[in-house]
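A.B. asks: Take a look at the following structure, please.
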Amino acid sequence: MINVSFFDAKPYDKEYFDKLNENYGFNIDYFETKLNVHTAALACDSQVVCAFVNDDLSAPVIDKLKNCGVELIAMRCAGYNNVDIKFAEGKIPVVRVPAYSPYAVAEHAMALLLTLVRRTHKAFLRTRDFNFSLNGLTGFDLYGKTVGVIGTGRIGEAFIEICRGFGMKILAYDIKKTNEYAEYVELDELFKQSDIISLHCPLNAETNHIINKKSIDKMKKGVFIINTSRGALIDSEALLDGLMTEKIGGACLDVYEEEVDLFYEDNSQKIIRDDILLKLICLPTVIVTSHQGFLTREALTNIAATTLENIYEFFNSNTLTNKI
């Protein structure tokens, strides 16, 4: 029997993994706690650890897992900036889910943009109190606006397709210039021309704080910024300053730089000590969701199916299709 320690487990994870695990028969132990150096010992009876985006897979954690006898780390996500890949090499293989549903994240990005632009969240609250005033709800057309897409992988491409449907002009920045509908430009040009900027790139040394004070200074006054990728792509202090000075007209955030101890949890009865996040959430030009871009039935099914298949493949063949 193959034992799997499943960290940062939520009810929706268990629902989809249990359903699809009927085809595999793994023994899955679900732990609500996140994986870190203190909780790694929970995996000592398992051959596999299943982890998510905010689990800690730094060198000390990987070392503990190796000493516990863990043979495989199965990330149930596409991103792996939280994994010390260099340290893991030669110790424990790491696999991931490279594509669960690019449409889920791209559609959420557009949902955030439409919500903030057209103030539908404000209108919803008003009409529940039978306040039918339109004052303060003026938005703007997306048609004819220029959107700058940073990262044109599968999610970026899906977002471009949506933007095309709205009749938007599309600029893009990526090392690989693969999208035929986008005009690829240098970053400075994208910052200068875009009415809306959407981030769809991975987090690494080159993209960390790709949105910062200098890049914001180059942008149009009133630019909207969307981030459904990784929080640290944006310097949060610079973003807040840009919003407070109204250089930035709006921010749609599904991720946040310091989200690890906050997102995915109910903190409604706690005092939040992150001053930047408190200020961001209070601004009328900001909408924040809790890293839910992936949360569709289709994506959850694909995540579970690919993760379980990655585990099966590791123990039953000589190849690892989705090894990082």
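A.B. asks: Using Cα-Cα distances under 8 Å and only pairs 6 or more residues apart, what relative contact order does the chain have, in percent? Could you put the intermediate results ahead of the total?
C.D. replies: Details: 589 pairs, mean separation 52.9, N = 324.
Relative contact order of the chain: 16 percent.
A.B. asks: Given R₀ = 35 Å, FRET efficiency for E298-L134 by Cβ-Cβ distance, to 0.05?
C.D. replies: Between E298 and L134 the formula returns 0.45.
A.B. asks: Can you list the lysines whose alpha carbon is less than 23 Å from that of K64, not counting same-chain residues fewer than 8 positions off?
C.D. replies: Qualifying lysines at Cα under 23 Å: K34, K86, K91, K323.
A.B. asks: For the chain, set up a GNM with springs between Cα atoms under 10 Å and report which of S101, S194, S290 has the largest fluctuation.
C.D. replies: S290
A.B. asks: Show me, bin by bin at 10 Å from 0, the whole-percent P(r) of region 165-324 based on Cα pairs.
C.D. replies: All Cα pairs considered, the percentages come to 9, 31, 31, 20, 8, 1.
A.B. asks: For the chain, taking Cα atoms only, what is the radius of gyration to one decimal and the Dmax to the nearest whole Å?
C.D. replies: Expressed in Å, the Cα Rg and Dmax of the chain come to 20.9, 65.
A.B. asks: Tell me, for the chain, which Cys residues have no other cysteine's C-beta sitting closer than 4.7 Å.
C.D. replies: C50, C77, C163, C201, C252, C282
A.B. asks: Still on this structure, please answer the following. Per residue, how large is the accessible surface of the chain? Use a 1.4 angstrom probe and give square angstrom. Walk me through the numbers on the way to the answer.
C.D. replies: On the way: 16200 Å² over 324 residues.
Normalised by residue count, the accessible surface of the chain is 50 Å².
A.B. asks: Here is a follow-up. Please report the equivalent ellipsoid semi-axes of region 15-121, computed as sqrt(5 x eigenvalue) of the Cα gyration tensor, largest first, in whole Å.
C.D. replies: Details: eigenvalues 192, 61, 34 Å².
They are 31, 18, 13 Å, listed from largest to smallest.
A.B. asks: Suppose we keep just the alpha-carbon trace of region 116-238; what are its Rg and Dmax in angstrom?
C.D. replies: 16.0, 51
A.B. asks: What is the percent carbon and sulfur in the accessible area of region 179-218, measuring with a 1.4 Å probe over the protein chains and ignoring ligands? Working shown, then result.
C.D. replies: On the way: 1030 of 2140 Å².
For region 179-218, the apolar C and S fraction of the accessible surface comes to 48 percent.
A.B. asks: Straight-line reach from K270: which lysines fall under 18 Å, measuring Cα to Cα and dropping same-chain residues less than 8 apart?
C.D. replies: K279
A.B. asks: Roughly speaking, to the nearest percent, how much of region 1-117's 1.4 Å accessible area is carbon and sulfur?
C.D. replies: Ligands and nucleic acids excluded, carbon and sulfur give 50 percent.
A.B. asks: So what are the ³J(HN,Hα) numbers for region 121-137, from phi and the Karplus equation (6.51, -1.76, 1.60; θ = phi - 60°), rounded to whole Hz, Gly and Pro as x?
C.D. replies: Karplus-based 3J(HN,Hα) across region 121-137 equals 5, 6, 5, 4, 5, 5, 5, 5, 9, 6, 9, 9, 5, 9, 4, x, 10 Hz.
A.B. asks: Another question about this same structure. Using a Gaussian network model on the chain with a 10 Å cutoff between Cα atoms, which of L125, L278, L57 fluctuates the most?
C.D. replies: L125
A.B. asks: Can you compute the modelled spin-label distance between Q193 and F31, with each label point 7 Å from Cα toward Cβ, in nm?
C.D. replies: 5.0
A.B. asks: On to the next question. Want the number for I175 to A59: 0.36 nm per residue separation, take away the alpha-carbon distance, what's left? Don't skip to the answer; put the middle values down first.
C.D. replies: On the way: separation 116, 0.36 × 116 = 41.76 nm, distance 2.94 nm.
Additional length available on full extension: 38.8 nm.
A.B. asks: How much of F124 can a 1.4 Å solvent probe reach, expressed as accessible area in Å² and rounded to 10?
C.D. replies: Estimated to the nearest 10 Å², F124 gives 110 Å².
A.B. asks: Also, quick follow-up: Please work out how much accessible surface D129 shows to a 1.4 Å probe, ignoring ligands, DNA and RNA, in Å² rounded to 10.
C.D. replies: Near enough 120 Å² of accessible area.
A.B. asks: If you don't mind, another one. Of V149, V260, V105, which has the largest mean-square fluctuation in a 10 Å C-alpha GNM of the chain?
C.D. replies: Maximum fluctuation in the GNM of the chain, among the listed residues, is at V260.
A.B. asks: Here is a further query. So what is the relative contact order of region 42-197, in percent, for Cα pairs below 8 Å that sit 6 or more residues apart? Before the final figure, lay out the partial values.
C.D. replies: Working: 218 pairs, mean separation 25.7, N = 156.
Relative contact order, region 42-197: 16 percent.
A.B. asks: In whole percent, how big is the carbon plus sulfur part of the accessible area of region 227-324, probe 1.4 Å, protein atoms only?
C.D. replies: Values: 2440 of 4940 Å².
Of all accessible area on region 227-324, carbon and sulfur atoms account for 49 percent.
A.B. asks: Which of the lysines could be linked to K220 by a straight reach, that is with a Cα gap under 17 Å, when you skip same-chain ones fewer than 8 residues away?
C.D. replies: K145, K169, K192, K247
The values are calculated or read from the model by the stated rules, or taken from the named source; none is laboratory data. Everything quoted here is computed from the prediction, not taken from an experiment. In this analysis, Cβ positions are derived from the backbone assuming ideal geometry, glycine residues included, and neighbour counts consider all displayed protein chains. With ligands, DNA and RNA removed, areas are computed over all heavy atoms of the protein, side chains included. Shrake-Rupley method; radii C 1.70, N 1.55, O 1.52, S 1.80 Å.
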